[in-house]
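K.L.:
Got a structure here, written out as structure tokens. Questions coming.
The numbers here are math on the coordinates, done by the rules we state, and not lab data. Computed from a predicted structure; not experimentally measured. Quick reminder, even Gly has a Cβ in these numbers, built from the backbone with ideal geometry, and neighbours come from all protein chains shown.
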Amino acid sequence: MIFQSPFRGGASVPHRKQTAERATTVMPVPPKVIIPLLQHTGVICDPKVQKGDFVKVGQILGDSEKLMAVPIHSSVSGKVTNVDLMLWAGGIQVTSVEIETDGKQELAPGLVPPVVRSKEDFLAAVRASGLVGLGGAGFPTHVKLAPPAGKTIDTLIINAAECEPYITSDYREILENTESIVAGVQAVATHLGLSRILIGIEDNKPKAVEVLKKAFSGDPKVRVLPLRTRYPQGAEKMLIWATARRAVGVGKLPSDVGVIVLNVTTASFLGKYLKTGLPLIKKRVTVAGGCVKEPQNLEVLIGTPLADVFNFAGGFVEEPRKVIMGGPMMGVAQHSLETSVVKHTNALLVLPASEGQSPAASACIRCGRCLTACPMGLAPLMLNRSALNNDAEILERYEVMACIECGSCAFVCPSKIQLVQGIRLGKTQVRLAEAKKKAQAAQPTTGARA
């Protein structure tokens, strides 16, 4: 039975999940890795190694005492050849550690399963593992599992929707590592005292639905909910509404409605870490798109340059127009194949001109499709125009910060207006306006003239 609890808006996007039945292939150790010290939502880590050091698998390369940070571990053994700033997607420069691998893959000392006797032990173990949200957001998991005082959590939602086209990494996790998923879910429920677990998964994955139902059949706390396939079903607020019928308001978090949401691969990794003590050093990545010779799912060491990944997948059958880390709807275009796989990389797409070339925009025809498609009930065209006019006041009034940047509005727009780019610009304008107000408020006032 399909759980009928749809959200408003959204879009019917093509699936293109040709790699769904391709079992995961383990990619060999690359000649070098480049590991950025910012792979999560939050603050950059301080380097704990320097050029010339020899490191081992699982050794900490960077960490910070600040809350919104998690340690970064080496995925290989070898020699540190550089620690320097490197340009990454989005135009940001991040301190990165380059390691020349020795092929030995020697483990760092002390990598043993954590001893967990309390909730505090559990949260400390989650942080020590380097775990972040593996569905693409990269939010520190230990922070998500420790909501602010006064927030009562009663429900854990596991996000297995994987609603973006092409991506099948979570799907393969369900089929290949079911026991780890069960172990991770049970660990979270036990240590956080949760009595209800809802697993949301789109109904275009019937095999995975049956695998999950069988795996959790003996646990009355768990419900596996097949959901109507519609993008962006995997977005946090949409999933919470679809599974638990709880609405997360603008500026609010899942914890405000008593919910924690974890990606299914995040839960699975947690199950593995509690058993082995091996931190987050590798990731399953769907490699696909019209330019890829051999589309497949690969287990890749974190820090592996994109060029090495694509070479392993047979190279390109034609000149790429666009390389995207993530899905085609919310992924980030890459400026260089020298950038590398990071913790929350779930897909690498290489698109030819026929798929990756942005069509020329034309004038708005006032059809209202963007209004209908927006799952947050916003006015995308108004937000875009206000951004082009640099009107922060109107942007705030129309709640630009509530946009989840899913791209549904741009996908359905017959005029091909780049609405998401405009809205991102608008968010920057609002942040700058707020910073200016704070700076002005902080300035000392001058006394009135006599």
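K.L.:
Using amide H atoms built in the peptide plane, which far-off residues or other-chain residues are under 5 Å from Gly62 H to H?
P.N.:
Amide H neighbours of Gly62: Lys48, Ile72.
K.L.:
So, with +1 on the Cβ of K and R and -1 on the Cβ of D and E, and no other charges, what is the size of the charge dipole of the chain about its Cα centre, to the nearest 20 debye?
P.N.:
1180 debye
K.L.:
Please identify every one of the trypsin sites (Lys or Arg not before Pro) in the range 212-288 that sits in a loop by DSSP and has no more than 13 other beta carbons within 10 Å of its own beta carbon.
P.N.:
The qualifying sites are Arg245, Lys252.
K.L.:
Next up: Can you sort Thr265, Thr428, Thr286 from fewest to most other Cβ atoms within 10 Å of each residue's own Cβ?
P.N.:
Lowest to highest Cβ neighbour count: Thr428, Thr265, Thr286.
K.L.:
Magnitude of the Cβ-charge dipole of the range 5-67, K/R +1 and D/E -1, about the Cα centre, nearest 20 debye?
P.N.:
Dipole about the Cα centre, nearest 20: 300 debye.
K.L.:
Here's a follow-up. Charges at C-beta only: +1 for Lys and Arg, -1 for Asp and Glu. How large is the resulting dipole of the range 369-439 about its Cα centre, in Debye rounded to 20?
P.N.:
Dipole size: approximately 140 debye.
K.L.:
Modelled label-to-label distance, Ala441 and Glu106, 7 Å Cα→beta-carbon offset: nm?
P.N.:
5.5 nm
K.L.:
Still on this structure: What value, in deg cm²/dmol to 500, does the helix sum -39500 (n - 2.57) over DSSP H runs of n ≥ 4 give at 222 nm once divided by the residues of the chain?
P.N.:
Value at 222 nm, helices only: -8000 deg cm²/dmol.
K.L.:
I would also like to ask the following. Is there a pair in Lys151/Lys272; Lys214/Lys272; Lys66/Lys221; Lys144/Lys322; Lys221/Lys275 whose C-alpha atoms are over 26 Å apart, and which pairs would that be?
P.N.:
Exceeds cut-off: Lys151/Lys272; Lys66/Lys221; Lys144/Lys322.
K.L.:
Projecting each Cα onto the charge dipole of the chain (Lys/Arg +1, Asp/Glu -1 at the beta carbon, about the Cα centre), which of Leu87, Leu227, Phe269 comes out farthest on the positive side?
P.N.:
Result: Leu227, furthest along the dipole toward the positive end.
K.L.:
Here is a follow-up. Among the aspartates and glutamates, which fall within straight-line cross-link reach of Lys17, defined as a Cα-Cα distance under 20 Å, with same-chain neighbours fewer than 8 residues apart omitted?
P.N.:
Straight-distance partners of Lys17: Glu162, Glu164, Asp170, Glu173, Glu176, Glu202, Asp203, Glu210, Glu294, Glu299, Glu355.
K.L.:
Just report the Cα centroid separation between the range 236-294 and the range 121-191, whole Å.
P.N.:
The range 236-294 and the range 121-191 have Cα centres spaced 6 Å from each other.
K.L.:
Calculate one ³J(HN,Hα) per residue across the range 346-360 by plugging θ = phi - 60° into the Karplus curve 6.51 cos²θ - 1.76 cosθ + 1.60, and present them in order as whole Hz with x for glycine and proline.
P.N.:
Coupling constants for the range 346-360: 10, 7, 10, 10, 10, 10, x, 4, 5, 10, x, 7, 6, x, 5 Hz.
K.L.:
Considering only Ala410, Thr19, Leu131, whose Cα is most displaced toward the positive end of the charge dipole of the chain, charges sitting on Cβ of Lys, Arg (+1) and Asp, Glu (-1)?
P.N.:
Going by the Cα projections, it comes out as Ala410.
K.L.:
Which of the trypsin sites (Lys or Arg not before Pro) found in the range 294-403 are loop residues per DSSP with 13 or fewer other Cβ atoms within 10 Å of their Cβ?
P.N.:
The qualifying sites are Arg366.
K.L.:
Running a GNM on the chain with Cα contacts under 10 Å, which residue among Ala347, Ala435, Ala267 ends up with the highest mean-square fluctuation?
P.N.:
Highest fluctuation of the listed residues: Ala435.
K.L.:
So, one more: Using 7 Å Cα-to-Cβ label points, what is the Gln421/Thr276 separation (nm, one decimal)?
P.N.:
In this crude label model, Gln421 to Thr276 measures out at 4.2 nm.
K.L.:
Tell me, what is the Rg over Rh of the range 119-276, with Rh the Kirkwood radius over Cα pairs?
P.N.:
Using Cα coordinates only, the ratio equals 0.93.
K.L.:
Classify the range 225-310 as rounded, prolate or oblate, taking a ≥ b ≥ c as the square roots of the eigenvalues of its Cα gyration tensor: rounded when a/c is under 1.5, otherwise prolate if a/b is larger than b/c and oblate if not.
P.N.:
oblate
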